[in-house]
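Working notes, structure below.
Only the coordinates and a few stated rules stand behind these numbers; no lab work does. On a predicted model such as this, the values are computed, not experimentally measured, just so you know. Cβ: placed from backbone, ideal geometry, glycine included. Neighbour counts: every protein chain shown.
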Amino acid sequence: MWRTCDVGEVVDLLGGGAQVVAGKAGLGRQVSRAKVAANADLVGRAGSNELLVTTSEALGSVDDGWDLLFGSLDVAGVAGLGVCLNTSGDLPAGLVSAANGQGMPVVVFAGGDELVDVTAGVLDALLEAQERRLDRILEIHERFTPIVLAGGGVPEIATTLHLLLEFPVAVLDPEGRTMAIVPSDALDGVDLADASWPRQSISAGQFDYGEIVVPTGEGLKEDGRLAMQRASQAIAVRMAHASAAAAERERFEATSLEELIAGHAGDIADVTERAISFGWDLARPRAVLLASIDPPVDREVLPTVLGTIAAAARATLGADAIVWTRSTTIAALIAPETADPVERREMAERLRTELDNRVDQVTVSIGVGRRVDDPMAMPQSYQEAGRAVDVGRWAKGRHATAVFDQLGLERLLASTPTEELAEFVEHAIGPLAAYDRAHDSDLVETLGLWLETRNMAEASRRVNIHYNTFKNRLDRIESILGPLLSDAARSLECEVAIYVFQRYDGPWSQ
């Protein structure tokens, strides 16, 4: 606080007329005012941060004992004791011992000085010290303010703090990584995690931006601590401004990307202009990838989870990937080298592996659209990616990974209402499934195997039964379902029904 200064500073300003004779360990005690104690009763009534000025005659009338007196002064927070000596110039030996024991500075003034003159001198010294302190505070403030107003960053602020403290300065981010070190080579081999170094957190509201560390074997004086505080405030302001600017840019980028995938981005000239301003390369072929949190979504963890998914996407999808955040989804424009869906599957699986390592509060389904050569065709790839997510969930449940042009039959099946699928399955193989349930048999599996191989010898070998036994099973199947082995359309109908029956849950599973 600028209104206080330490006792040692006041003594220095008083010059040769004042001498510290005891309690030198307490010269750092803070003093904000001086109080005259003309008699023994007033000596015991001093308050916090007061420099008590009295006479040796008044102290000679103290009856309670020196240890008790200095103990009570210490408890009261008294800064120190100033004594105007009488002509003998002696202080009781017990007083000196008690003052040393409490670390309470005792300052003596030359004999013959009047109490009022000594007090006036102390007040003048105190005012001068406060004026110096205020000047120093203003100097510190003025050193950092222009940097902030001029848009200076962490390195400039760290350099200014180094010049003020004359010690090395390190600025660390919340994870302990170095943002700036001044001088750059001053801290080689120094453990910045050492808790003994002076540290100052950098924060603004609820946001933590890291800390300042000053590796020095000496403790910092109040001015030094104040400089660290002012530097941390300056860095917090710059970081908050940078975060706000980045968030605004992110919102504008996301809006532009949403317009692009929705087909509302304007003409190719508008798209190209925005791409250049954001540093995007849309000239190369791209595909849309969606990493969508599976419902239901817990809104409390949503921001954190989306941030983690976005970080995983940036880490695994390549430097050319353009990643942005949607409501419950992270979207990316990826840049596969070829149109082969296998390459896009590999990219999606890399992201899947990273998400499995990083995210445990939710499950995420991933869908990838086809590669398009023209950015104006991006809406098609986006629709396909969304369709891949939906079909993947329909076919495999939560935590699905699907590439649109690898979906195959699922693309059609997922478009069909469950009631219609159930009716189709019942019409095609319902009696056969009912027979299996009633007789604990596996004729549906037998028919599926024959439809897969279209070869009785191969099918019987796979299930390790005799050829004639397998043929008898097929005869039983046709007696239940009617002729189908020689009817291509009926065989296809049964094949699709068995595909649904064996792979997906629905009314047919009950």
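Numbers below:
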| item | result |
| --- | --- |
| C-alpha long axis of helix 154-165 to longest principal axis of the chain, angle in ° | 20 |
| Charge dipole of the chain about the Cα centre (unit charges at C-beta), most positive-ward option of GLY15, TRP66, THR145 | THR145 |
| Per-residue Cβ neighbour rank within 10 angstrom, fewest leading, TYR467, TYR382, TYR209 | TYR467, TYR209, TYR382 |
| Positive dipole terminus of the chain, leading residue within ALA129, ALA434, GLN380 (C-beta point charges) | ALA434 |
| Label zone at ASP356 (point 7 Å along Cα-to-Cβ), backbone N below 14 Å, the range 387-419 | 399-402 |
| Viscosity 1.567 mPa s, temperature 4 °C, Stokes-Einstein D of the range 418-509 from Kirkwood C-alpha radius, µm²/s | 97 |
| Over the range 285-361, equivalent-ellipsoid semi-axes from the Cα gyration tensor in Å | 23, 12, 11 |
| Taking all pairs of distinct alpha-carbon atoms in the range 323-371, Kirkwood radius in angstrom | 12.0 |
| Calculated Rg and Dmax of the range 292-331 using C-alpha coordinates, Å | 10.4, 32 |
| Whole-Hz couplings from phi, Karplus 6.51/-1.76/1.60, listed for the range 119-129; x for Gly and Pro | 4, 4, x, 5, 5, 4, 5, 5, 5, 5, 5 |
| Between helix 268-278 and the chain: long-axis angle, C-alpha atoms, 0 to 90°, nearest 10 | 40 |
| Volume per residue that the Cα convex hull of the range 5-130 spans, once the total is divided by residue count, Å³ | 81 |
| Percent of beta bridges antiparallel (DSSP, the chain, rounded to nearest 5) | 65 |
| For the range 200-216, Karplus couplings with θ = phi - 60° (6.51, -1.76, 1.60), whole Hz, Gly/Pro x | 9, 5, 10, 8, 9, x, 8, 9, 9, 10, x, 7, 9, 10, 10, x, 8 |
| Mean separation of Cα contacts under 8 Å, 6 or more apart, over the residue count of the range 418-509: relative contact order % | 38 |
| Over the chain, relative contact order from alpha-carbon pairs under 8 Å, at least 6 apart, % | 8 |
| Inter-probe distance in nm under a simple model that places probes 7 Å from Cα toward Cβ, at ALA244 and ASP270 | 3.0 |
| Amide H within-cut-off set for VAL36, under 5 Å, with H built and near neighbours excluded | VAL53 |
| Residues MET456, MET378, sorted so that the one with the fewest Cβ neighbours within 10 Å comes first | MET456, MET378 |
| Folded to 0 to 90 degrees: helix 222-262 orientation relative to the chain principal axis, Cα | 20 |
| Shape metrics for the range 280-409, restricted to C-alpha atoms - Rg then Dmax, Å | 13.5, 40 |
| Descending Cα extents along the principal axes, the range 235-330, whole Å | 40, 39, 25 |
| Cβ-based exposure ranking for VAL122, VAL11, in which fewest neighbours within 10 Å come first | VAL11, VAL122 |
| Alpha carbon convex hull of the range 101-217, volume per residue in cubic angstrom | 196 |
| D_trans [Stokes-Einstein, Kirkwood Rh over alpha-carbon pairs] for the range 361-497, 37 °C, 0.692 mPa s, µm² s⁻¹ | 187 |
| CD proxy at 222 nm, helix term only [per DSSP H run n ≥ 4: -39500 (n - 2.57); per residue of the chain; nearest 500] | -17000 deg cm²/dmol |
| Extended-chain gain in nm, criterion 0.36 nm per residue less alpha-carbon gap, THR469 and ARG314 | 50.1 nm |
| Pair-distance profile P(r), taking every C-alpha pair of the range 145-185, with 5 angstrom steps and integer % | 5, 25, 28, 24, 14, 3 |
| Debye, to nearest 20: dipole size of the range 418-509, +1 on Lys, Arg Cβ, -1 on Asp, Glu Cβ | 500 |
| Fraction of alpha-carbon pairs over 20 Å apart in the range 212-288 - percent | 55 |
| Size-normalised alpha-carbon gyration radius of the chain, reference 2.2 N^0.38 Å | 1.76 |
| Value of Rg/Rh across the range 398-456 [Cα atoms, Kirkwood radius] | 1.07 |
| Alpha carbon Rg of the range 151-262, scaled by the compact-globule rule 2.2 N^0.38 Å | 1.28 |
